[in-house]
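Engineer: Can you keep this structure in mind? I'll have questions shortly.
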Amino acid sequence: MSPPTVRAFPSAISWTCRQCRINSVQLQARQTSLRTVVPRQNFSTTKSPQADVQIRAAPELDLKDPNAIPARIIPASPSYFTASPVFNDHVLLLQSLVKKHASLPLAPPNQTPRAVWLKLTQYRSTIGEKIAASKYSKVLDLLTRLNKIHPRVRPREVKQVLDRFRRPGSEELQTSKTGKIDEYGRSIGVGRRKEATAKVYLVEGTGEVLVNGRSIVQMFPRIHDRESALWSLKITERLNKYNVFALVSGGGVTGQAESITLALAKALLIHEPALKPALRRAGCITSDLRRVERKKPGRLKARKRPTWVKR
Amino acid sequence: MPPRISLFTTARSLAFRPSPTVVPQKRIAAVPTPSPYLLLPVQNRSASDDASKKPAAAATTPVHPDFKGPNMDQLPHVSEEQAALDKSMGGTPPDIEQGTPVQEILQRDKDAQEKAPEVLKQSINAGKSPANSTPSGSRSFSTATRRNAEGGSAGLVQFEDTRAVGLEYPDAGFGHKFPLPDIAKFPKTNNFRKRYDEVVDQVTRSLMRHGKLSQAQKNMDEILDNLRKAPAPSSGADTLKTNLPRDQLPLSPVQYLTAIIDSVAPLVKIRQQKGILGGGAAMPVPVPLQRRQRRRAAIQWILAGAENRRDTKLAERVSKELLAVAEGRGTAWERRSRLHKMATSARANVRIGLSGRPGRGRLN
Amino acid sequence: MSLSICADCLSRLRISHNPRSSLAIAAVSLTPVSSFHSASVMAKNNSLVKSKKGNRAPESKYRSSQSAKMKKKTRDRPKPPPIGERRAQRHRIVLSNTNALEVPSLENWSKENMTAEENTGRMLGLDGALLDKLRDCKAFKTTQNWSLFRRPATLIRSETIQLGQEIEQVNHSQGKKTVRHLVTGDKASGKSILGLQGMTMAFMNDWLVFNIPEAQEFVNNTSSYAPLKQKDDQAQSEQLYIQPHLTQALLTRALHANESLLKTLKFNHEFPKHLPLKQGTATLKDLVQLGASDHTFAWPAWQALWRELSEPGANSRPRVLIAVDSVDHWMGPSKYRSADFKIIHAHQFTLVRQFLGLLFAKAGSSPPLANGGMLLYSTTGSNTPAFPSFGLLLNQMRARAQGLDPSAPGFPLPAPFSKPDTHVLELMSGLGDVNLVELKGLSVEESKGYMEYFVRSGLLQRPLTEISLAEFRALAGGGVVGELAKLGRRVTV
């Protein structure tokens, strides 16, 4: 299957602008003389014999239909004179699609089909233009918007366009590994925060919590930390429905508590996937990627500079 | 670009009206009595008194009906007002020696009854029901001792060789075993990062030094506890803007704190615009503040006032300053009125554009 | 170069080896009787004249240093509080908060409903006379949240009921039954409160109560101590030390808490001659008062008192409760040093030795209390010293509670090649009668009753449902009572 080119698409884009069309009706009489000029002048001194052969008479002009008559030679794409015509064509195409199908119903967030779009480098190599990352993010926004249209009512053209922007081989990527409840009724979740890593075994039970084999009170003397660790069970009101056994290592107290938050939320999702929107709203399944900023040479800490002396 | 808020509409967007700015100093002069809170430790038996030197007659107990609690002795109390009123009207005055329980006040005040917290309403209803001793069925929680013993193991999971047995899911649905929480009704505080009240969080962060959040939270808890234990602000000071009845403020310390901070919060700040007047002089231009900015200003004032106190504990200093502000004393009120006066005198410097928004002085 | 003192004065100076005397001479010689310096005299006269003329302040003719002219800024600091006031503030116990709502259905805890099992999981109020006694024997602690509620009340848990039943058994038993308890448990699991409840029930039954609220005071080198004179036959054994001020404090607590009871008790035995008491008319109250008033009499008074209480005699004796909190501080070397700068072991202090000897009494020895009673010792969870030998002791007690025989192979023994504390190991022979009370989290009903009290006092402003209760229990590590209390006072909205 050959990759479809964008140039095949611009059906939506008229090749004369609206103003020209209006003008053309008014200036019909004057234009007739202009139009008789031979459209193409060949300035080369050496004429190839083939060119001679290929020269054909222009088709007869239909003077009745003003749209059929170009006012002047216009490139196929309106973005022809821009720095990155292909990219701009894409943007215009996607924008027109979004505009056209704006009234279609959207799928709820949990039913939106997962989509992985082309990476920036892949996109650059397919269109052969140098595109800034910020520009491409606009394209991605439009694609996400189109992807939100409910799959049942999604028009064909949208589907085709979306398919062209999908990352090759993304079908495998889309199926993330779903956890399973093992033979003992446990589900396992892993979470990280700062330097800490937590692994949580979640079984149905009565609300017992053990962290590294100790009571949660001994492990986290602050109520704040205990609350963070059990937040996902707390807001879904399931603290007396499950037993938690967590293994944490690394990091400090806050990091350990909040790594349990993430791990516990993930483990809970295996038991009850329908809780995902609630946990998302509660901020429990968003992994916090922030880490300590590294120390740089020539500085005292990550940012702190040594005191500056003039002489 | 002019700021988006109109100076004149800021006041409208607030939950309360700003108090007249001239009041505080006058009030201090008019009411020279010291705060009842300051009188607190002065009692018959000083804390440092040796127990062995205790007079034999002082066999009082804190719950004895004639005993004056540490914060029962405040001056203009509701019951005292009632007593004065009854005396003049020839009725039987209430017992002033005893602090009036909030329930009694609520029974008299229909309006406050509606605004009362759920717990208070329940206790009032319980008092009205004839069978006072037995728990009524209207309570949202059961108090029976042995409920689980009869109904089998409700909520308990039985294990058989590491496997949970006999589980039933009456509320199970697609993708869940137990009833789903209603996301639409989730309060903002259900988010893991925003679990505390807005004002409490802001004060906590302002108390924090050297990034020690847990220490700041500890202090904040103590401050709220102190607010809970201190006497309600005297009804003479009408500086406190809140829609809760004054006597209920200590029992809901967060609302108390919010009321105190929002009451002293300034409406504007004064920006010194340079290079307009010429000659190096800066032109003061009043600029309206957002809600969070206003609170920040108030918190900073209160913390600055707390630094001048001589208590050893930070929480003590801050809570005493907060209570002083609630009573209408405290330097924060003076700073607020001074700032507002300056803003009023500099109000000509606010340039209103054609759009009706205040511009940036006379720059253009 | 000029000298700073005149030559005449210098000539009168004598060199002496005694620096004080030379200074004295210098001071005398430099007094203004100097022979030829007249400037100061003139200036003095001048100023007198001027001051007669006008009221202006005299301008000094001579140059003085700049700093003398500048007025020193004197910051008027407020007077610091009297000595001991700050500490007293720190230790102040507030038992009521008039802002809190009154709980209408709160019953009083009394002798009648002391062991009523239907009270399990309910809060019961403490009333007047009891409160004073408890306060006097320092049963309340600042870490407990008495100051939040309208009036003091405690949660009756199953262990409390059990304790009450044992107290009743002791009351009814004709023999000299002594119940020995060692209460352990996690931090904030209610050990001290159980001690308080024990004391309350003892007061209800007119027992004599001795309380040591903080055992650490005996070992952390903050009080006076003195070696005990020993008789010749004890000379080989180790030196013992008495702690007069701590004994005095113990007697003071006992005096105020048990004053009415002590008044009725007459002497059974003769007391030492040097105690200034009237033989015959004196009661035990006078004896305790003597010890409480003067620390020099504290130790002999305590000895005499203890003899009265432990040795049976003509007059009957009341039952005795001895409560000691955070007893694990007594299980190792103390911070005190002996005269030859050796570390004194906690068991070398007479009071410590005596109290521990009561709990870990050797089998076959005579009952320590004349008329029976209870020993209620509890460990600490928050300020635990690391004494592995005591840990071993506790493990042995747990093993015994599970019915493990001391000769069985699984019985915990000191680790080989370790150096266990010999003083603590000596206690192991007396483990037999000690009952280990391990406090865990509250049961569901108990925690429900406890949290309900917070709701009704208006402190916890959210409805208590089964789900919120489960949340509290899980966050409190399975219903640890102190953690539940923290959650109950926590303000979220």
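Engineer: Please find the FRET efficiency linking C:Thr281 to A:Lys304, where r is the Cβ-Cβ separation and R0 is fixed at 51 Å, and quote it to the nearest 0.05.
Structural biologist: Computed FRET efficiency for C:Thr281 and A:Lys304 comes out at 0.05.
Engineer: Also, I was wondering about something else. Using the number of other C-beta atoms within 10 angstrom as an exposure proxy, rank C:His329, B:His176, C:His172 with the fewest first. Don't jump to the answer; show the numbers that get you there.
Structural biologist: Details: C:His329 25, B:His176 19, C:His172 8.
Neighbour counts put them in this order, fewest first: C:His172, B:His176, C:His329.
Engineer: Using amide H atoms built 1.01 Å from N in the peptide plane, name the residues 5+ places from C:Phe349, or on other chains, whose amide H lies under 5 Å from its own.
Structural biologist: Here C:Tyr241 satisfy the definition.
Engineer: Give me, ordered by chain and number, the residues 5 or more places off A:Asn243 or on other chains with an amide H under 5 Å from its own placed amide H.
Structural biologist: A:Val203, A:Glu204, A:Gly205, A:Thr206, A:Gly207
Engineer: Here's something else I'd like to know. Once fully extended, how much extra length lies between C:Lys335 and C:His245, figured as 0.36 nm per residue of separation less the alpha-carbon to alpha-carbon distance?
Structural biologist: On the way: separation 90, 0.36 × 90 = 32.40 nm, distance 1.66 nm.
Between C:Lys335 and C:His245, full extension yields an extra 30.7 nm.
Engineer: Net charge near C:Arg317: determine it from the other residues with C-beta under 13 Å of the C-beta of C:Arg317, scoring Lys and Arg +1 and Asp and Glu -1.
Structural biologist: Details: positive: C:Lys176, C:Lys266, C:Arg307, C:Arg319; negative: C:Asp206, C:Glu308, C:Glu311.
That works out to +1.
Engineer: Counting only other chains, and only Cβ atoms inside 10 Å, what mean value do you get across the residues of B:192-199?
Structural biologist: Across B:192-199, the average partner-chain Cβ count within 10 Å equals 5.
Engineer: In addition: How large is ³J(HN,Hα) for each residue in the range C:239-252, as worked out from phi by the Karplus curve 6.51 cos²θ - 1.76 cosθ + 1.60 (θ = phi - 60°), to whole Hz, x for Gly and Pro?
Structural biologist: Values per residue, Gly and Pro as x: 5, 9, 10, 9, 10, x, 5, 5, 5, 4, 5, 4, 5, 4 Hz.
Engineer: Using 0.36 nm per residue of separation minus the Cα-Cα distance, give me the extension gain between A:Ala83 and A:Lys180 in nm, one decimal.
Structural biologist: Details: separation 97, 0.36 × 97 = 34.92 nm, distance 5.15 nm.
Answer, rounded to one decimal: 29.8 nm.
Engineer: Using label points projected 7 Å from each Cα along Cα→Cβ, tell me how many nm separate A:Asn212 and C:Ala363, to one decimal.
Structural biologist: So the two model labels end up 4.1 nm from each other.
Engineer: Continuing with the same structure: Using each residue's phi in the range A:115-126, evaluate 6.51 cos²θ - 1.76 cosθ + 1.60 at θ = phi - 60° and report the 3J(HN,Hα) Karplus result to the nearest Hz, with x for Gly and Pro.
Structural biologist: Using θ = phi - 60°, the values come out as 9, 10, 8, 4, 6, 4, 5, 5, 5, 4, 6, 6 Hz.
Engineer: If r is the Cβ-Cβ distance from A:Glu157 to A:Arg290 and R0 is 45 Å, what FRET efficiency results, to the nearest 0.05? Mind dumping the intermediate values first?
Structural biologist: Numbers: r = 41 Å, r/R0 = 0.92.
Using R0 = 45 Å, I get an efficiency of 0.60.
Engineer: What FRET efficiency do you get for A:Ala133 and C:Ala386 if R0 is 56 Å and r is their Cβ-Cβ distance, rounded to the nearest 0.05? All intermediate terms of the calculation are to be shown ahead of the outcome.
Structural biologist: Numbers: r = 58 Å, r/R0 = 1.03.
Between A:Ala133 and C:Ala386 the formula returns 0.45.
Engineer: Take peptide C:416-429, look around each residue's Cβ out to 10 angstrom, count Cβ atoms belonging to other protein chains, and average those counts. Intermediate values should be presented prior to the final figure.
Structural biologist: On the way: counts 0, 0, 0, 0, 0, 0, 0, 0, 0, 0, 0, 0, 0, 0.
That works out to 0 on average.
Engineer: Give me the inter-chain shielding for C:118-128: mean count of other chain Cβ atoms within 10 Å, whole number please.
Structural biologist: Values: counts 2, 1, 2, 2, 2, 0, 0, 1, 2, 3, 7.
So the per-residue partner count for this stretch is 2.
Engineer: Based only on Cα atoms, what mean projected area does the convex hull of the range C:105-439 have, in nm²?
Structural biologist: Numbers: hull surface 75.7 nm².
The orientation-averaged projected area of the Cα hull of the range C:105-439 comes to 18.9 nm².
Engineer: Here is a further query. Any chance you could get the radius of gyration and Dmax over the Cα atoms of the range C:444-489, in Å?
Structural biologist: Answer for the range C:444-489, Rg first and Dmax second: 9.0, 24 Å.
Engineer: Taking the Cα centroid of the range C:440-493 and of the range B:252-329, what is the distance between the two, rounded to the nearest whole Å?
Structural biologist: So the separation of the two Cα centres works out to 36 Å.
Engineer: Please give, to one decimal in nm, the separation of the simple spin-label points placed at C:Glu217 and C:Thr142, each 7 Å out from Cα toward the Cβ.
Structural biologist: 1.4 nm
Engineer: What ranking do B:255-263, C:96-104, A:296-304 get when scored by the average of other Cβ atoms within 10 Å per residue, highest first?
Structural biologist: Numbers: B:255-263: 23.1, C:96-104: 21.4, A:296-304: 9.2.
Taking the mean over residues of other Cβ atoms within 10 Å, the ranking is B:255-263, C:96-104, A:296-304.
Engineer: Among A:186-195, C:409-418, what's the highest-first ranking by average C-beta atoms within 10 angstrom per residue?
Structural biologist: Working: A:186-195: 19.5, C:409-418: 10.3.
Descending mean neighbour count gives A:186-195, C:409-418.
Engineer: Could you give each residue of the range C:116-122 its phi-based ³J(HN,Hα) in whole Hz, using Karplus coefficients 6.51, -1.76, 1.60 with θ = phi - 60°, and x for Gly or Pro?
Structural biologist: Once rounded to whole Hz, the list reads 5, 6, 6, 7, 4, x, 10.
Engineer: While we're here: For a quick check: with amide H placed at 1.01 Å from N, whose amide H comes under 5 Å from B:Ile276's, ignoring anything fewer than 5 positions away on the same chain?
Structural biologist: It is B:Met283, by chain and number.
Quick note: the coordinates plus some simple rules give every number you see, no bench work behind them. Remember, it's a predicted structure, so these values are computed and weren't measured experimentally. In this analysis, Cβ positions are derived from the backbone assuming ideal geometry, glycine residues included, and neighbour counts consider all displayed protein chains.
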